[in-house]
Amino acid sequence: MESPLVTKKGADTLDSLLAAAKNLADGSSIRDEIVSGIYGVSSSICRDTVAYRDKKKLNSTNKLDAIVTSKIWGFPIMLGILGIVFWITIAGANYPSSWLASLFGFIEGYLTAGFQVVHAPDWLHGVLVLGLYRGTSWVISVMLPPMMIFFPVFALLENFGYLPRVAFNMDRLFKKSGGHGKQALTMSMGFGCNAAAILSTRIIESPRERMLAILTNNFVPCNGRWPTLILLSSLFMAGAATTGALRTLTTASVLMGIVLLGIVVTLTVSWVMSKTALRGVPTHYTLELPPFRRPHIWKTILVSSKEKSLNVLTRAIVVAAPAGVITWMLGNIFVGGDSILNHMAAFFDPFGQLLGMDGFIIMAFILGLPANEIVLPILLMGYMSSGAMVEMDSLGSIKDIFLDHGWTWLTALSMMLFSLLHYPCGTTLINIYKETKSMKWAVLSAVIPLGIAIGVTFTVAQLVRLFGWV
Amino acid sequence: MMKHYTVAFAGNPNTGKSTLFNLLTGLRQHTGNWAGKTVISAEGEFTHNNRVYKAIDLPGTYSLYSNSADEEAARDYIIFEQPDVTLVVLDATSLERNLNLALQVLEITGRAVVCINLIDEARKFGIDINLKAISKRLGVPVVAISARNKIGIDALLDQVERVATGAFTSKPLQITYNDEIEQGIAQLVPMIEGVIGSKYPARWIALRLMDGDDSLLTSLKANMDPKSTSNAKEVVGHGVTACH
Amino acid sequence: MSRTTISLSEAKQGDILRIVSIDVQGVLRRRLLDLGFVVGNEVEMLRHSPLGDPTAFRVSNTTIALRREESSLIYGELIGGEE
């Protein structure tokens, strides 16, 4: 060992050192002197070595800031950018998604034919093709295109330096609800992945405000939930609009509404928590607005879409493939004349109906705890195994499956709301436990959103039915 | 077999530190233009003149004076892990503030290279920086680069090599504080050296102790206790995000 | 000639102040010093956030936003501005 004193005595001596040092430095004036000493040296170095030929040029960021954080334009620009990002995502993902779906459907035909040629048993074809292959290919065709558009666009905004401006614009709202302005940044991370965003809350120094950011991060729809929200809103909410452009526009507005609702819920929950379980004074706040920097456009797009597509493909294999197999088995193992899946769905059905949904949807959410992206595939497989076999070769046929099972726009809306508000995925919960080292808060961060999700969908469903809108 | 040198990347947030790190190590951790983007240190490797370097991307911090967990992590790494080179990445467009961190690092270790990033942007803004003069004042190599546009990278790595191999003898700038502080330091340094030996920078520890920095003391204790040699380090390999 | 001393939170857009005192202790004081809010340094008030608070300041060639809680504790003398 290199340290000569490693005993308890060593530690005691350290304490006495500190005491001696504190004696020497009475009060806080010395701290200022130390920092001012350093600051004085760095400014003297700068005076001698740095020359500014034109101070005005440094203000180019300032001019742009004067617009994007202005009283009049600040919020409209924020909403506009959000809307445009959604619009690009939906408009751009539409065709690739259906191409992928057709491609996978086409391959499935050959796979099935292959299984018939070798006279493979039905169950093997079921597990491998109808379960594993379909589950995986749906996740890929529904998720890959929107994620490969949304995240590169988002990365461009991030690299440009726009996110701190969002935090600057919205800080007052967070302050009023007892949170920290940097919560806006951790929420932005949540669009990508709630589990990663939980780690990013480390930028919030105060434990109380950090906990608020952790508890509410779930209300930002992540990677795994975007496709569900996009698909449902384009299938059901934009139903009346038939032309492509109008349809895309409606879908984008519905998504914006969902995101704004998520923000409202975030602020409300933060406010309630900071008045009850997480009382305390707001801690200090400083936020740097870095200069705007033009990102390397193509490089950012390539890096980010490569990152995302790898992420989606890995998730599809790691989570969707086994989930597909399990769901197929649940749907094809019969107990007392009906499949396990149908038994479960029947059990949850009365509860699901109260919330505007059905038993299959509730079950899909429960089975989808490990990862949100498998909720929709599980649901579709559940529906398909219950008798209504539909050729799955286009996204349009997904709507037929839903309609066959009695879906209305209320079902879609309830499922979207539930998806936005319900508990975060398993990985996120594990991260919350790791970060907070508290079982209580990990459980609460699942229970609070779940309670809100149930409350909101119940209220919406009852109101809609009361007024006879469906 | 040649020794692998370790290089720690320190710097203010938003200085392009992670961009440089990615460029050198070939890692593709996503960078972002906002304070605190690097929350977890990333690790990678790069080679220069056939030498392999282990690179550690520390969290971006404004100082090392323990205002937050990030700063503690960065500080503890430099003090206790004692990297062969600490590369301090500064933003050329706001040098005055950025130099504070460089000065704090130099008080801990002379094995440092100062890297002034975003030099092309600074030139565009009409900022002239006299590198030689800064280097002379700081007593360590100073290199201007643009990580974004890959300007000056080789020159930077040459300097890293010189410091790592000991070919460059640094004379790090030591700030002279007012008499009261200097007298305190003079009294404390022998005591500190008596207790913890010469492994750690005694003058710097004296300053921190006078500043009442309890967290440093906690870290010192943890590092002097042989049982807890694996002090809380959180390093994610290959720059993957924590998401699955 | 005496100059008016005001807190940063009272500064109007475009005002330039030279910091004369910082009435904060502890961690926040340290953070403010790190960011360049040091006695003797110049600070320009850039603008309020669209909702009125926080406020962006230009200090040491960087832009830093502070809430009223913090900016009201930093005092400076008015040395320039648009009025």
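For (1) within 18 Å of the chain's Cα centre (by Cα); (2) without any contact (Cβ under 8 Å) to a residue 40 or more places away in the chain; (3) away from chain C (no Cβ under 14 Å), each residue gets a yes or a no:
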{"site": "A:126", "(1), (2), (3)": "no, no, yes"}
{"site": "A:140", "(1), (2), (3)": "yes, no, yes"}
{"site": "A:145", "(1), (2), (3)": "yes, no, yes"}
{"site": "A:160", "(1), (2), (3)": "no, no, yes"}
{"site": "A:168", "(1), (2), (3)": "no, no, no"}
Out of curiosity, is residue A:233 more than 14 Å from chain B (Cβ to nearest Cβ), in contact with a helix residue (DSSP H, G or I) (Cβ under 8 Å, 6 or more places away or on another chain) and surrounded by fewer than 17 Cβ atoms within 10 Å (Cβ to Cβ)?
-> no
Test: residue in region A:197-214 that is at the interface with chain B (Cβ under 9 Å from one of its Cβ atoms) and farther than 29 Å from residue A:294 by Cα = yes
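In the list B:88, B:105, which residue meets the criterion of being within 13 Å of another protein chain (Cβ to nearest Cβ), part of a strand (DSSP E or B) and crowded, with 23+ Cβ neighbours inside 10 Å?
Values: B:105 fails: part of a strand (DSSP E or B).
On inspection, the qualifying residue turns out to be B:88.
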Hey, among the residues in region B:152-204 that are away from chain A (no Cβ under 14 Å) and among the basic types (Lys, Arg), which one's farthest from residue B:216 (Cα to Cα)?
-> B:162
Of all the residues that make up region C:46-58, how many are surrounded by fewer than 23 Cβ atoms within 10 Å (Cβ to Cβ) and either among the charged types (D, E, K, R) or more than 7 Å from every other protein chain (Cβ to nearest Cβ) (or both)?
-> 5
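Just to be sure, is residue A:130 more than 9 Å from chain B (Cβ to nearest Cβ), farther than 27 Å from residue C:70 by Cα and in contact (Cβ under 8 Å) with a residue 60 or more places away in the chain?
yes
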Could you tell me which numbered condition residue B:112 fails, if it satisfies all but one of (1) closer than 18 Å to residue B:164 by Cβ; (2) surrounded by fewer than 24 Cβ atoms within 10 Å (Cβ to Cβ)?
-> (2)
Picked from region C:24-43 (must be in a loop (DSSP other than H, G, I, E, B) and in contact with a helix residue (DSSP H, G or I) (Cβ under 9 Å, 6 or more places away or on another chain)), the residue farthest from residue A:63 (Cα to Cα) is C:24
Say whether the condition of being over 21 Å from residue A:419 (Cα atoms), in contact with a strand residue (DSSP E or B) (Cβ under 7 Å, 6 or more places away or on another chain) and at pLDDT 85 or above is met by at least one residue in region A:334-343.
-> yes
Whichever residue in region A:299-318 is more than 8 Å from every other protein chain (Cβ to nearest Cβ) and of a type in the set (Val, Ile, Thr) and, among such residues, is nearest to residue B:150 (Cα to Cα) = A:300
Given (1) in a helix (DSSP H, G or I); (2) free of Cβ contacts under 8 Å to residues at least 12 places away in the same chain, number of the condition residue A:120 does not satisfy | (1)
Of all residues making up region B:123-148, the number that are in contact (Cβ under 8 Å) with a residue 12 or more places away in the chain and facing chain A (nearest Cβ under 9 Å) | 8
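The values are calculated or read from the model by the stated rules, or taken from the named source; none is laboratory data. Quick caveat, the model's predicted, so the values are computed rather than measured. Don't worry about glycine lacking a Cβ; one is built from the backbone with ideal geometry, like all the others, and counts go over all protein chains shown.
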